[in-house]
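None of the figures in this text is laboratory data; all of them are computed from the coordinates on show. Every value quoted in this text rests on a predicted model; they were computed, and no experiment measured them. Here the Cβ positions follow ideal geometry from the backbone for every residue, glycine too, while neighbour counts run over all protein chains shown.
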Amino acid sequence: MTIVQRKVKTGDYETYFHEGGSENKEAVILIHGSGPGANAKANWQLVLEDYEKDFHVVAPDLVGFGETDHPEVYPENGVQWMSMRIKQILDLMDALNIEKANLVGNSLGGVVSMYLNMQAPERFNKIVLMGAGVLLKEPTPELMKLSNFHLDPSKENLRNLLSWFVYDIDKMKDFVEQVVEARFEMFQRPEIFRSYRENFTKSSLTEMLIPQTALERMENEFLLIHGYYDRFVPLQSSLYALDHLPNAELRVFKKCGHWAMIEQREEFLNATKHFFTKDKTQV
């Protein structure tokens with residue numbers, strides 16, 4: 001088994017994605033978060049091979065990020081960016097003949113997952129939200145620095161920014177440095193810089209809020225995962241989702257920041273795999 005990378009046509013452009021375990025019956029789509037140089041590999045590189053053992057795993061670069069084709073004409077606001085990403089994922093599922101999938105969404109990817117479920121609930125089964133900004137109306141200072149990174153995009157600023165994603169920077173220093181190098185190199189590409197600037201100067205958090213009524217009517221099973229020391233999306237966001245989603249459970253990882261799938265990798269994998277398979281193992 002091996003993870004492969006390829007592109008397929010999604011609408012008027014091509015989406016780049018990582019894929020493995022295509023022989024497995026059940027699909028899991030991993031949707032990455034935002035930030036300078038963000039992409040599917042940066043978010044999911046430590047868990048892709050583990051998911052591949054049991055699932056048809058697909059991890060795309062969202063439009064506006066990474067190796068997916070970048071827009072020639074940019075969306076005018078955050079609502080249009082979101083609509084573009086919803087269509088991208090649904091088109092990708094159609095291209096790969098995935099009728100129904102589980103979702104794992106990190107940060108922005110969690111919000112995209114919720115909008116996908118609002119628009120096409122029949123296409124999705126169980127959903128994991130990790131550090132998802134369901135309740136965010138105003139940015140934290142850390143998130144504000146992320147949003148304004150394009151104003152002074154230095155490697156030192158990126159190193160600071162990504163160090164705030166983790167709880168234990170001493171333990172994670174080597175990994176963070178590796179990600180800094182890869183993501184800063186990617187951010188130097190003109191099309192990626194332009195997409196980042198367009199996205200963050202023409203979008204607002206309030207444009208992405210999930211209506212309470214929509215949450216209360218979602219029948220899917222949800223697993224909410226949140227790092228206790230998440231400085232980008234406060235724990236209150238997942239607590240709000242827990243209050244209003246009818247079928248939800250919450251796992252809080254104490255010694256963890258915004259990257260649970262990296263900083264608490266084993267716990268993250270155990271929790272999500274059990275969530276996806278628990279009903280199937282009961283007699």
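Helical runs assigned H by DSSP (4 residues or longer) give the chain a calculated mean residue ellipticity at 222 nm of -12500 deg cm²/dmol, each run adding -39500 (n - 2.57) before division by the residue total.
Spin-label model, Thr140/Arg194: points 7 Å from Cα along the beta carbon direction are separated by 3.3 nm. Membrane-span-like helices in the chain (whole DSSP H runs, Cα extent of at least 15 Å along the helix axis, mean Kyte-Doolittle hydropathy of at least 0.0): 78-95, 108-119. Straight-line cross-link partners of Lys255 among the lysines, defined as a Cα under 17 Å from its Cα and at least 8 positions apart when in the same chain: Lys171, Lys173. The Asn77 and Tyr13 beta-carbon pair, evaluated with R₀ = 22 Å, returns a calculated FRET efficiency of approximately 0.70.
Judged by the mean number of other Cβ atoms found within 10 Å, the most tightly packed of the peptides 238-245, 58-65, 137-144 leads the ranking 58-65, 238-245, 137-144.
Rounded to the nearest 0.05, the FRET efficiency derived from the C-beta distance between Val252 and Ala120 at R0 = 30 Å is 0.50.
If R0 is taken as 35 Å, the Cβ-Cβ distance between Tyr228 and Glu207 corresponds to a FRET efficiency of 0.80.
I'd like the antiparallel share, as a percent to the nearest 5, of DSSP beta bridges with both residues in the range 4-275. Taking every DSSP beta bridge with both residues in the range 4-275, the antiparallel ones total about 30 percent. Do any of Lys100/Lys126; Lys7/Lys202; Lys25/Lys278 go past 20 Å between their Cα atoms, and which? In this structure, Lys7/Lys202 lie more than 20 Å apart at Cα.
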